[in-house]
Amino acid sequence: MAIVIHPHAFQRMEERGANKEEILKTIKMGRTSPARSGRRRYGMTVSYKDHWQGQFYGHKHIEVLCADEGEDIIVITVVVKYF
């Protein structure tokens, strides 16, 4: 099984403040739930305690939307919420 990150997802990761390690950890250890069109959503909240866009946040929640392609997992997009 390979985890492939689509170029769109890489772009969203950069825009939203996530990195590849966080994405892989979310897929491997996060909570899984079904998403539209037979896709899967992985979610994980992590301690952050840093500034994002000029404001301090204690945590961030990472959501990774994936599709299965054979035995591979394709990362389609990434959403990050700070709180």
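The values are calculated or read from the model by the stated rules, or taken from the named source; none is laboratory data. Source: prediction; values computed, not measured. In this analysis, Cβ positions are derived from the backbone assuming ideal geometry, glycine residues included, and neighbour counts consider all displayed protein chains.
Of all residues in region 46-73, which are part of a loop (DSSP other than H, G, I, E, B) and either under 22 Å from MET1 (Cα atoms) or of a type outside the set (Gly, Ala, Ser) (or both)? Selection gives GLN53, GLY70, GLU71. Being out of contact with any Ser or Thr (no Cβ under 8 Å at 6 or more places or on another chain) and either within 16 Å of ALA2 (Cα to Cα) or of a type outside the set (A, V, I, L, M) (or both) is a description that does not apply to GLY43.
Residue-by-condition table, conditions (1) touching a helix residue (DSSP H, G or I) at 6+ places or on another chain (Cβ under 7 Å); (2) modelled with pLDDT of 95 or more; (3) surrounded by 12 or more Cβ atoms within 10 Å (Cβ to Cβ); (4) more than 19 Å from PHE83 (Cβ to Cβ):
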site	(1), (2), (3), (4)
ILE3	yes, yes, yes, yes
GLU21	no, yes, no, yes
ILE27	no, yes, yes, yes
MET44	yes, yes, yes, no
LYS49	no, yes, no, no
GLY54	no, yes, no, no
GLU71	no, no, no, yes
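Number of residues in region 10-40 that are touching a Ser or Thr at 6+ places or on another chain (Cβ under 8 Å) and farther than 19 Å from GLU71 by Cβ: the value is 1.
Looking at ARG31, ARG16, which is the one that is surrounded by 16 or more Cβ atoms within 10 Å (Cβ to Cβ), modelled with pLDDT of 95 or more and either touching a Leu at 6+ places or on another chain (Cβ under 9 Å) or not hydroxyl-bearing (Ser, Thr, Tyr) (or both)? Steps first, answer last, please.
Details: ARG31 fails: surrounded by 16 or more Cβ atoms within 10 Å (Cβ to Cβ).
Answer to the check: ARG16.
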